[in-house]
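Coordinate-derived values only; no laboratory data. This is a predicted model, so every value here is computed, not measured. Positions of Cβ are backbone-derived with ideal geometry, glycine not excepted, and every protein chain shown enters the neighbour counts.
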Amino acid sequence: MSSQEPQGPLRQQLERLRSVRSLRDLTGRQRTVLSFAAGLVVVIAIHTVIYWIGMRVFETEPQSLSRSLVTVVETFSTVGYGGDSPWRSTFMNLYVVWLQVVSLAITFVTLRVLIVPLFERAPVVLDSRLTAKEDHTVVCGYERGGALLLDELDRADVEYVFVDPDKEEAIDLSNRDYQVIDGDPTTTEALSRASIADAAHVVTDAGDRNVNVALTARQGNDDARIVSITGERSERPALEAVGVDRSIPAPAVVGRSLADRLTATVDSDGPAATLDDGDLVVRELVVRHDDALCERPIGETPVGTHPRLAVVAAWLDGEFRFPPAPTDSRRARYSSSSRARGVVRRRE
C-alpha cells in the first residue's frame, strides 16, 4: 500500500476535481454536488421569473429581470430584501414569505449535501467516491501483496473496484485515491455495489474464502473471467469446479516477476561479466534498526548507487514494494541483484 500520509477532506476533493476529464470521471459524490448546483440554478431562475411578474402585475412597479434576480438571491442568502421592501399586495407579501421558507430548506440541504460530508461529520460512504465502471476488474482481497496489484492496474490504466472487508483499511485506501469499497466479497450485496454485472474480470486472493468469492462472483456475472491467486497448486481442482477460469500460485508469480525484473535491470555484458560466467543471482540484504542504511533513501545508499547492483524489491515496514522508488527510506529488507553467489537465473 502507498506510504504517503492521508490528505485532509478539502484537499482530497480538490485533487479529485483536478483529475476529472469527462463526466464518466465524476464520482458519485461529485455527480450529487453537480446535480444540486444545477437544481439550485433552476429554483432561483423560476422564482426570479415569478417575482418579476408579481412586481409588474400586483405591485405595478415593473423592473428588470436582473433586479428581480438580485432580490431573490438576497432573500435566499438571508442578506436582505434590497429596495423593494415593503410590498403592498397580499400576493407579494405571501410570496416573499414563501421565498424565506425555500431559503431555509436550501440552507439545510446545502449543509447535508456539501458541508457535512466535506468535513467527514457524516458516515463515510465509499460507493459515492467511485467513478462510473464498465468492463472493469473487481478485486476481492489481496492478502499477498497489499495494494501492489492496485498500483499495477493504475499504471496499466485498467478500471477496477477493490472490495475490502476491513472498513478502516478501505477508507484509508480510498483517501489515497484507490477505487475501493468496504464489504464482504462473499456476499452478492458487496459485489453488486462493485458493479459485478458489468465487470470483465474478477481477481480473488481471499485465502480460504476464494471458493466462496468465486461462487458469488459467478452468480453475479456468468461471463466475467475469474482469476484466483492461490497458495498451493493443489487448490486448483476445487477452484475450477466452482467456475474459476484460471488459478495462479502466488509463489510462482513472484518468482517469475523477480526474474523478469532482473533481466531488465542488470547488464551481463559489463566489465564484471567474468564472475560466475555472467549469471544473475538474487541476494537478500537485511537492514537492521541500528544499521547505517536505515532511514536513508535507497537511491543514496551504497546498494542503490552500486553500478553492479539493482534493487528490484523491498519490504518496507511489512509492505512489499516491487520495484521500490529511489526515495523510499524506511526500515526495510532489500532484495538486490548481482553477479555473486547463489545463481537463480542465467541471462540468455
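Below, the figures for the structure above:
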{"item": "Approximate spin-label separation Glu152-Ala197, in nm, with each point projected 7 Å along Cα-to-Cβ", "result": "3.1 nm"}
{"item": "Convex hull volume per residue in cubic angstrom - Cα atoms of segment 28-118", "result": "84 Å³"}
{"item": "Least to most buried among Phe108, Phe162 (fewest other Cβ within 10 Å first)", "result": "Phe108, Phe162"}
{"item": "Area projected by the alpha carbon convex hull of segment 130-248, averaged over all directions, nm²", "result": "6.5 nm²"}
{"item": "Dipole-positive endmost among Tyr178, Ser228, Ala156 within segment 130-248 (Cβ charges, Cα centre)", "result": "Ser228"}
{"item": "For segment 187-209 and segment 28-69, distance of Cα centres in Å", "result": "46 Å"}
{"item": "Exposure proxy order (Cβ contacts within 10 Å, fewest to most) of Asp166, Asp182", "result": "Asp166, Asp182"}
